[in-house]
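> Before we start, here is the structure in question, set down as structure tokens.
The values are calculated or read from the model by the stated rules, or taken from the named source; none is laboratory data. Computed from a predicted model, the values in this text were never measured in an experiment. Cβ coordinates were reconstructed from backbone atoms using ideal geometry, including for glycine residues, and neighbour counts include every protein chain displayed. Calculation scope for accessible area: heavy atoms of the full protein, side chains included, ligands and nucleic acids excluded. Shrake-Rupley method; radii C 1.70, N 1.55, O 1.52, S 1.80 Å.
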Amino acid sequence: MVNFEIPNFVPALPEIFVLTMACVILIFDLFIKDNDRIVTFVLAIGTLVGAMMLTISLSETGRVLTFNDMFVSDPMGNVLKVFIYLVTAVVFIYSRQYLKQRGLFKGEYFVLGLFGVLGMMVMVSAHSMLTLYMGLELLSLSLYAMVAFQRDSLSATEAAMKYFVLGALASGMLLYGMSMLYGVAGTLDIAGISAVVAQSPNNIILLLGLAFVVVGLAFKLGAVPFHMWVPDVYQGAPTPVTMYIGAAPKIAAFAMVMRLLVEGLGDLHGHWQTMLVVLAILSIVIGNVVAIAQTNLKRMLAYSTISHVGFILLGILAGTENGYSASMFYVVVYALTSMGAFGMIIVLSRAGFEADNIDDFKGLNERSPWLAAMMMILMFSMAGVPPTVGFYAKLSVLQSIVQVDLVWLAVTAVVFSVVGAFYYLRIIKTMYFDKPEDTAKIEAGMDMRIVISLNSLGMLALGIFPAALMQWCIVVM
Amino acid sequence: MESVIFYLFSAVLVASSLAVITVRNPVHAVLFLVLAFFTCAAIWLMMEAEFLAITLVLVYVGAVMVLFLFVVMMLDINISVLREGFVKNAYVGVPVALIVLLELIAVVGRKEFGLEQMPAPVRHAADYSNTKELGRVLYTDYVYAFELAAVVLVVAIIAAIILTMRRRPNTKVQNIGEQVAVRRDDRVRIVKMASEKKNDGSAT
């Protein structure tokens, strides 16, 4: 006799909606002509907007568990999901022209993008190691395929291969760690694990599991010394895909770290703090120093990502609510800023030409003063120069670690951010003080120009008025 | 009796696993892997995990390994190239592997997972069905994860298709319909012409 209660589907409505729409778009796309492909694009954006409205309408309910406690809908998850939709929608808008020029404007790109979003949503809302892992694999699988999307490009294929092999290795590490945790706790439920950990915080098997879980997470985040795949994948993938990988999954990875380390293994904070300190310091130092030597902008931004991941880890390792909200603020701001920087590469690219070298930005001010100004704002935000929001993000993370008496860590982070400021400022110098080498007209359409302007000015506006976003990040913790 | 069978299967499992990585011929390696899976399934059967055991035989032995065997036979892999540098790397690789092994044994050893820590599970009655129990939780308690697994498979299919399917304009294909519908007049043309004079074969 089966005793079965129908689960409450309402908290998972956004997931169900995205899944349904992704399947509908997949089928619908088969029946439209190549010239009408724009319909697929509009539907994909519409799906994200719809999911956003659903998530916002559910945000009043507070924390709800459903599907036999495998799924959690809570304020933190809702805020992160809204930013995932926003970031992905903007990535889609940036992608349209680039894909069209290269004959890659196909429905599958958007379908895979939406399945990736679904994977991220599942990760954000996971309340069991099983669903966390399923979400991660759903996301990763979509990303591998998207990286390899440009089949005729040798570098894209190589990047996809590296990403796939190292991603599988990281999943293996994570799974091994999870199996150890399961072996001790006897449950996959995050709350159940947390209860077991609270009883025996010094169990050596738990610590072994923790070590493997941290390694797996560090791989996925791209923290040093598990960062080797990041530069190759960022450089090799088509630029819109790089933008997608660099922005939205970082938000989901933050959620994964919060669910596993903070909610599940919170009582082992003393142990994982040390591990994260090492990862954070190495990421900030190596990311910033190696970025200086790069001539390819996508590669440089990859190393800059690594250093930003270091900052995100700093906030988490503080282990206080202030730290978590500072990290959340940082990850959202970073996703928005990096999107703009990759967007600028797309704006300057045209069919058969990729503006991904730093030299391609020479004299941008003479070619288009407005775009140069936008790029300047984005670079300032990445470097953390006031009044852009990057400054405020770094400040709040540093504040949170100073509060837990890790002053030396804060000082090191600041010193290497100053080192890092060099390569961001070098781009501003090439834009404003060098003679342009490439004098072709910038082909970007009006929609791209509007989006990139909004993106950059948004960074400036958030920097001047950070309170609203910061308030969100504080309230949901 | 049961422990004798267990040790027998375990010995075969260990031996065949070792053979997988030591034999020179890749086809033999795959066949040893089949043997390893098979003995593993037998051990699982003794642990009352009959559904998993049968799935292992049906899915892995029946489908995956046969496919693997085809791939190995199709690709002409040169083993000597793969083994190049094996000895050179072994000086570093073997000690590292040994250290990792010792470390893992030190942590995941008898102290934590020994027989005292993990008492033998209670035997189920003869009418207990492992398959039924799995089915019961799979579609109820784990329905969310189950559906997610389905979505992961869908994405895998989509990814495989977009990465391999391409339209080639120059490929030669048969159109059976046209072939059947063809008429004599489409292919054969009868030309009327005056008969030629025989030229003694000297015409050039």
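> Semi-axes of region B:33-131's equivalent ellipsoid from the Cα gyration tensor, sqrt of 5 times each eigenvalue, largest first, rounded to whole Å?
Values for region B:33-131, descending: 35, 28, 7 Å.
> What per residue convex hull volume, in Å³, comes out for region B:18-69 when only alpha-carbon positions are used?
53
> Then there is this: Considering the dipole of chain B built from charges on the beta carbon (Lys and Arg +1, Asp and Glu -1) around the Cα centre, which of B:SER17, B:CYS40, B:HIS28 is farthest to its positive end?
B:HIS28
> To continue, here is another question. Could you work out how far helix B:86-107 tilts from the main Cα principal axis of chain B, as a 0 to 90 degree angle to the nearest 10?
40
> Could you sort B:GLU84, B:GLU48 by their accessible area in this structure, using a 1.4 Å probe and putting the largest first?
Greatest to least solvent exposure: B:GLU84, B:GLU48.
> While we're here: A:GLU437: accessible area at probe 1.4 Å, nearest 10 Å²?
We get 120 Å² for A:GLU437.
> Roughly what % of Cα-Cα distances in region B:95-204 sit above 26 Å, to the whole percent?
When every Cα pair of region B:95-204 is considered, 74 percent fall beyond 26 Å.
> Largest first, how would A:CYS23, A:CYS473, B:CYS40 line up by accessible area (1.4 Å probe)?
So, going from the largest accessible area down, we get A:CYS23, B:CYS40, A:CYS473.
> What's the longest uninterrupted piece of chain B once you rule out the trypsin sites (Lys or Arg not before Pro) that are loop residues per DSSP with at most 13 other Cβ within 10 Å?
Longest gap between qualifying sites, sites excluded: B:25-122.
> Can you give the Kirkwood hydrodynamic radius of region A:267-384 from its Cα pairs, in Å with one decimal?
The Cα-based Kirkwood calculation yields 15.7 Å.
> Sticking with this one: What do you get for Rg/Rh of region A:333-477 when both radii come from the Cα atoms and Rh is the Kirkwood radius?
On the Cα set of region A:333-477, Rg over Rh gives 1.04.
> Pairs of alpha-carbon atoms within less than 8 angstrom and 6+ residues apart define the contacts here; what relative contact order does chain B have, in percent?
Here the relative contact order equals 13 percent.
> For region A:211-310, what relative contact order do you get, as a whole percent, if you take Cα pairs closer than 8 Å and at least 6 residues apart?
40
> What is the percent of Cα-Cα separations in region A:351-401 that go past 13 Å?
Roughly 67 percent, once rounded to a whole number.
> Restricting to Cα atoms and excluding each atom paired with itself, what does the Kirkwood estimate give for region A:153-305 in Å?
So the Kirkwood estimate lands at 16.4 Å.
> Run through every distinct alpha carbon pair of chain A and return the Kirkwood hydrodynamic radius in angstroms, one decimal place.
Radius from the Kirkwood sum: 22.5 Å.
> Right, another one. Any idea which of A:ASN203, A:TYR176, A:ILE93 is furthest toward the positive side of the dipole for chain A, if Lys and Arg beta-carbons carry +1 and Asp and Glu beta-carbons -1?
A:ILE93
> How large are Rg and Dmax for region A:316-379 when calculated on the C-alpha trace, in angstrom?
Final numbers for Rg and Dmax: 16.3, 49 Å.
> Read phi for every residue in region B:12-18 and hand back ³J(HN,Hα) as whole Hz from Karplus 6.51 cos²θ - 1.76 cosθ + 1.60, θ = phi - 60°, with x for Gly and Pro.
For region B:12-18, the Karplus-derived couplings read 4, 4, 5, 5, 6, 5, 4 Hz, x marking Gly and Pro.
> Report B:TRP44's accessible area, 1.4 Å probe, all protein chains in place, as a number in Å² to the nearest 10.
Accessible area, nearest 10 Å²: 80 Å².
> Continuing with this model, one more query. Report the relative contact order of region A:298-429, percent, no decimals, based on alpha-carbon pairs under 8 angstrom and at least 6 residues apart.
For region A:298-429, the relative contact order is 28 percent.
> Please give the per residue accessible area of the protein assembly as shown, computed with a probe of 1.4 Å over protein heavy atoms only, in Å².
Counting only protein heavy atoms, the per-residue value for the protein assembly as shown is 49 Å².
> Just to confirm the filter: which chymotrypsin sites (Phe, Trp or Tyr not before Pro) across region B:108-158 are DSSP coil and have at most 14 other Cβ within 10 angstrom of their Cβ?
Those satisfying the criteria are B:TYR128, B:TYR139.
> If you fit an axis through the alpha-carbon atoms of helix B:143-164 and take the longest principal axis of the Cα set of chain B, what angle between them do you get, 0 to 90°, nearest 10?
30
> Cα convex hull of chain B: mean projected area in nm², to one decimal?
Taking the Cα atoms of chain B, their convex hull projects to 28.8 nm² on average.
> Using the charge dipole of chain B (Lys, Arg: +1 at Cβ; Asp, Glu: -1 at Cβ; taken about the Cα centre), state which of B:LEU104, B:VAL191, B:THR55 has its Cα farthest towards the positive end.
B:VAL191
> In addition: Can you list the aspartates and glutamates whose alpha carbon is less than 16 Å from that of B:LYS132, not counting same-chain residues fewer than 8 positions off?
B:GLU48, B:GLU50, B:ASP141
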